[in-house]
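Asker: Take this structure first; my questions come after.
Quick note: the coordinates plus some simple rules give every number you see, no bench work behind them. The shown structure was predicted, so the numbers you read here are calculated from the model rather than taken from an experiment. Here the Cβ positions follow ideal geometry from the backbone for every residue, glycine too, while neighbour counts run over all protein chains shown.
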Amino acid sequence: MDYSSILSNFNITELNEMQQKCILAIPQPNDVILISPTGSGKTLGFLLPILQLLKEEHSGVQVLILVPSRELSIQIEKVFKQMNTNYKVNSCYGGHSVRIEENNLIIPPSVLVGTPGRIAQHVQQKSLDLKQVHSLVLDEFDKSLELGFKAEMEYIIKHCKQLKKRILTSATSINEIPAFVGLKNSVNINFTNEHDELKSALVLKIVKTESIDKVKALMLLLGSINTKPCIVFCNHREAVNRISDQLYSYNIAHSFYHGGLEQIDREKALIKLRNGSVTILITTDLASRGLDIPEIEAIIHYHLPPTEEIMIHRNGRTARMNAKGTAYFLMDTKDYLPPFIDSKPEEVSLPKRQIMPDASVWKTLYIAAGKKDKISKMDIVGMLCQKGQLQKDDLGKIEVLDHSAYAAIKASKIEKTIQLVRTEKIKNKRVKMEIAT
């Protein structure tokens, strides 16, 4: 099968070695376990060969992809749509209306992506029939188990009566695969050892807080990092909220992200990070994998990772695809490096005084309309350039969701732009527009 036209949609000219092995292994009559680092292209690695398994004449769901988070569900759906095939794809996840999903499932997609909880709900309510599913992908399988989705996954798999192929993926080795998965005659594609060069691109550093407050130490460290994109990992959402409040008191632009937020707030936090409106994300391990996050230059372990696997996933957010990155361990006098860190990181000192990170040159415009309102990126570009008097260089990344859209605009221009477009219409509809906070 020639994938060149599909790859051109991603501005890719050739597949990496892991993706090439997936294309050879997945269409064969065997199950597949794929272990490859975050950022290595696993999603395309399993989606491309899945095309060989799909039949246009089949009317039901043929491929089911289970994922641990709604963000990963949305991301995989987006990648499949970008492949621009003839096959329908939908995603199902908590945090938005189940009615929308029920309407989408009236005409079943060939490929269905979703979280175990929501997929199980649809099966129970009989709005989803899995009898035609022949291929199952358990993406970030170990994370789904860790989050307590074992019962839902087992229930779903029991309803896949025609299941012939199972594909399990993870960024780290899977220690034990439960019997309910039904894995048989599996082929292992393991690129964890082959990607040791990614580890060499990652620099580990220790920052000791000594006599000062740990949050204050974090402020000093963020000032020294300045505007480099970074993620601060905490073990609890309460710490995320506390640090975020402190950053607001310092007037430092940032986003925060954890499972206690509404879906729209989680999406907005990541959008602002992707478009450069903020360069700092404070988060729990929910953001350690399975999210569409741009290249991050620094990771800060505000709390030490409790396990080696968690550390690997956190650190996997930087030094991706042969880029360089730094992971900082913020340690107070009671902290000790975990035994699974096999090399002694360099110890660095904090600045003596607080330096505020430079303000971003971008801010994000919120537009209260999206795909379901028939609004496209070009509609937004046209309105902002013609009515908002923006030049091409004044506009950054634009993302259009189902019922909202977000556009990065030069911070120096956004206030004037809002004044100019406040009463304008998009597609003959007056739409609320304001700075996304």
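Asker: Cα-based Rg of the stretch 196-348 per 2.2 N^0.38 Å, rounded to two decimals? Display every interim value, and only then the final one.
Answerer: Working: Rg = 14.5 Å, N = 153, 2.2 N^0.38 = 14.9 Å.
That ratio works out to 0.97.
Asker: Next question. Any idea what the alpha-carbon Rg over 2.2 N^0.38 Å comes to for the stretch 17-58?
Answerer: Output field value: 1.20.
Asker: Continuing with the same structure: Can you give the net charge of the other residues whose Cβ lies under 10 Å from the Cβ of ILE426, counting K and R as +1 and D and E as -1? Please list the in-between numbers first.
Answerer: Working: positive: LYS374, LYS387, LYS425, LYS427, LYS429, ARG430; negative: ASP373, ASP379, GLU424.
After counting each charged neighbour, the total is +3.
Asker: Springs between alpha-carbon atoms under 10 Å, Gaussian network over the chain: tell me which of ILE296, ILE76, ILE380 tops the mean-square fluctuations.
Answerer: Result: ILE380 has the largest fluctuation of those listed.
Asker: Counting pairs of Cα atoms in the stretch 25-155, how many percent are more than 27 Å apart? Please list the in-between numbers first.
Answerer: Numbers: 1041 of 8515 pairs.
Tail fraction, whole percent: 12.
Asker: Taking θ as phi - 60°, what are the ³J(HN,Hα) couplings along the stretch 418-433 by the Karplus curve (6.51, -1.76, 1.60), each to the nearest whole Hz, with x for Gly and Pro?
Answerer: Whole-Hz 3J(HN,Hα) from phi for the stretch 418-433: 4, 4, 6, 9, 3, 9, 7, 10, 10, 6, 6, 10, 6, 10, 5, 9.
Asker: How much length is gained if the chain between ILE341 and LYS131 is pulled fully straight, taking 0.36 nm per residue apart and subtracting their Cα-Cα distance, in nm to one decimal? Before the final figure, lay out the partial values.
Answerer: Values: separation 210, 0.36 × 210 = 75.60 nm, distance 4.65 nm.
That works out to 71.0 nm of additional length.
Asker: On a full-extension model of 0.36 nm per residue, what is the gain between TYR155 and GLN263, subtracting their alpha-carbon distance, rounded to one decimal in nm? Kindly include the intermediate steps, with their values, before the conclusion.
Answerer: Numbers: separation 108, 0.36 × 108 = 38.88 nm, distance 2.56 nm.
Answer, rounded to one decimal: 36.3 nm.
Asker: Also, quick follow-up: Given just the C-alpha atoms of the stretch 12-85, how large is their convex hull per residue in cubic angstrom? Intermediate results must be reported in sequence, preceding the final value.
Answerer: Working: hull volume 9.0 nm³, N = 74.
Spelled out: Cα convex hull of the stretch 12-85, divided by residues, is 121 Å³.
Asker: Points 7 angstrom from Cα along the Cβ direction at TYR366 and GLN354: gap in nanometres?
Answerer: 2.7 nm
Asker: Kindly give Rg over Rh for the stretch 290-437, based on alpha-carbon atoms, with the Kirkwood expression for the hydrodynamic radius.
Answerer: Working: Rg = 21.4 Å, Rh = 18.8 Å.
The Rg/Rh ratio comes out at 1.14.
Asker: Rounded to the nearest 0.05, what FRET efficiency is calculated for SER8 and ASN175 with R0 set to 35 Å and r the Cβ-Cβ distance? Intermediate results must be reported in sequence, preceding the final value.
Answerer: Numbers: r = 39 Å, r/R0 = 1.11.
The value I calculate is 0.35.
Asker: Right, another one. Taking N as the number of residues in the chain, what value does Rg over Cα atoms divided by 2.2 N^0.38 Å take?
Answerer: Dividing the Cα Rg of the chain by 2.2 N^0.38 Å gives 1.02.
Asker: Quick check: residue separation of LYS81 and GLU56 times 0.36 nm, minus the Cα distance between them. What number comes out in nm? Walk me through the intermediate numbers first.
Answerer: On the way: separation 25, 0.36 × 25 = 9.00 nm, distance 1.62 nm.
Extra length available between LYS81 and GLU56 comes to 7.4 nm.
Asker: Could you line up LYS42, LYS164 from fewest to most neighbouring Cβ atoms inside 10 Å? Working shown, then result.
Answerer: Values: LYS42 23, LYS164 13.
Starting with the residue having the fewest Cβ neighbours, the order is LYS164, LYS42.
Asker: Straight-line reach from LYS164: which lysines have Cα under 18 Å away, leaving out those fewer than 8 places along the same chain?
Answerer: Reachable lysines: LYS55, LYS131, LYS184.
Asker: Also: What residue among PRO351, PRO109, PRO37 has the largest mean-square fluctuation in a Gaussian network model of the chain, using Cα springs under 10 Å?
Answerer: Of PRO351, PRO109, PRO37, the Gaussian network model singles out PRO351 as fluctuating most.
Asker: With a ≥ b ≥ c the root eigenvalues of the C-alpha gyration tensor of the stretch 62-111, is it rounded (a/c under 1.5), prolate (a/b larger than b/c) or oblate? List each step's numbers first, then the result.
Answerer: Numbers: a/c = 1.81, a/b = 1.15, b/c = 1.58.
The shape class here is oblate.
Asker: Where in the chain lies the longest segment free of GluC sites (Glu not before Pro) that are both loop residues by DSSP (not H, G, I, E, B) and have at most 10 other Cβ atoms within 10 Å? If you can, show how the numbers build up before the last one.
Answerer: On the way: sites that count: GLU14, GLU56, GLU57, GLU176, GLU262.
Answer - 263-437.
Asker: Follow-up. Quote the charge dipole size of the chain about the Cα centre in Debye, to the nearest 20; the model charges only the Cβ of Lys and Arg (+1) and of Asp and Glu (-1). Mind dumping the intermediate values first?
Answerer: On the way: 57 positive and 49 negative charges, 288 e Å.
For the chain, the charge dipole is close to 1380 debye.
Asker: In addition: First measure r as the distance between the Cβ atoms of SER376 and LYS334, then evaluate 1/(1 + (r/R0)^6) with R0 = 35 Å and state the FRET efficiency to the nearest 0.05.
Answerer: Details: r = 54 Å, r/R0 = 1.54.
Result of the calculation: an efficiency of 0.05.
Asker: Then there is this: Could you state the per residue volume, in Å³, of the convex hull enclosing the Cα atoms of the stretch 174-257? Provide the component values of the computation, followed by the final result.
Answerer: Numbers: hull volume 15.5 nm³, N = 84.
Hull volume normalised by residue count: 185 Å³.
Asker: Let me check the size of the stretch 353-425 from its C-alpha atoms; what are the radius of gyration and Dmax in Å?
Answerer: For the stretch 353-425, the Cα radius of gyration and maximum Cα-Cα distance read 13.5, 51 Å.
Asker: Mean shadow of the stretch 86-131, computed from the convex hull of its alpha carbons, in nm²? Numbers along the way, then the final one.
Answerer: Working: hull surface 12.6 nm².
Average of the hull's projected areas for the stretch 86-131 equals 3.2 nm².
Asker: Any chance you could get the radius of gyration and Dmax over the Cα atoms of the stretch 268-330, in Å?
Answerer: 11.3, 32
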